[in-house]
Amino acid sequence: MLAGTYNGTHVALYVDGILTQVHPASGKLSSNFINITIGSLNDISNTSFNDTLDEISIFNRSLTGTEITNIYERGILHLNLSVETCNDSTCSSPNFTNIPNDTTNQSFNLSSNQFFEYLFNFSTDNTNYSPELYNVTVGYYNKSSSDYVALTFANYFTNGINFGSVAPNTIGNNATNNSLFTITVSPDSTSTVSVCTNSSNLTSGGNTIAAGNFSYNVSIDQATLNTTELRGNFTNYTDILTSGIDGLVANSVTYWKFKLDVPDGQISGAYNGNAYFEGTNTGSC
């Protein structure tokens, strides 16, 4: 790199950031509107510079020696950053991602693992100069999510589950009314869905029927409710149906049908219970 300066008293020449020539000079720069020619003398023929010039700059003030050296170092010194995440503390299987823009306050899109490792590679085009790294600060933030879910619940299921007269020590009694319930997931839902179920306020003649005596079939196909036993105990918040597993996905309908197991010793009579549904993001029950 060649750099020349004039500070009003001296002209100086720098080669690769090092001062090599200084000569006294005075007076103002020419103001007679003569064209500036870089690489030759503008008024003498056959004086062209037979080489290649790159990144030519003209400043409106005289640079200091330190400023010229810093400009030279920015061109010859290289500091490349790579990062990776690992599932073990030794990072025994390196898989670094190069960060092409080596500026501060970098944001990385990396795999979610317990350990984080970074690597700086130092290189130089002039062995008289070396890159320098003074400090590194690594931080993190919790990424916000705009996922949402919209559920539509059947509006005819507001009076609870009703069972008529049933006999003791019987399993799988069908409800006499309000036994079918549906949930529709909105087509524009972008979050995985969980449905939580809760059973309470049970009443019976002998007070031996509890929440665990209720059960249900669930399916995305209403016809299978009567042909397939997919029964689960109906206790407080035990049923979590997740998108992709039980078919509870965007623009889908899921069906429930409820049954009652009557324990031995329970007197005959009519039994009523209430079931509650809640749609949440996965794992929020």
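The values are calculated or read from the model by the stated rules, or taken from the named source; none is laboratory data. Only a predicted model underlies this, so the values are computations on that prediction, with no experimental measurement involved. Backbone-built Cβ (ideal geometry, glycine too); neighbour counts: all protein chains shown.
Just to be sure I understand, how many residues within the range 41-99 are closer than 14 Å to D16 by Cα, free of Cβ contacts under 8 Å to residues at least 24 places away in the same chain and touching a strand residue (DSSP E or B) at 6+ places or on another chain (Cβ under 6 Å)?
Of the residues in that region, 0 qualify.
Of the residues F96, F115, F108, which is surrounded by 13 or more Cβ atoms within 10 Å (Cβ to Cβ) and either aliphatic (A, V, I, L, M) or at pLDDT 85 or above (or both)?
F96
Looking at (1) under 58 Å from the mean Cα position of the chain (by Cα); (2) outside the structural domain of Y129 (by TED's automatic domain parsing); (3) of a type outside the set (D, E, K, R); (4) over 28 Å from E132 (Cβ atoms), find the lone condition where S26 falls short.
Going through the list (1) under 58 Å from the mean Cα position of the chain (by Cα); (2) outside the structural domain of Y129 (by TED's automatic domain parsing); (3) of a type outside the set (D, E, K, R); (4) over 28 Å from E132 (Cβ atoms), S26 breaks only (1).
Output the residues belonging to the range 122-136 that are surrounded by 12 or more Cβ atoms within 10 Å (Cβ to Cβ) and assigned to a strand (DSSP E or B).
F122, T124
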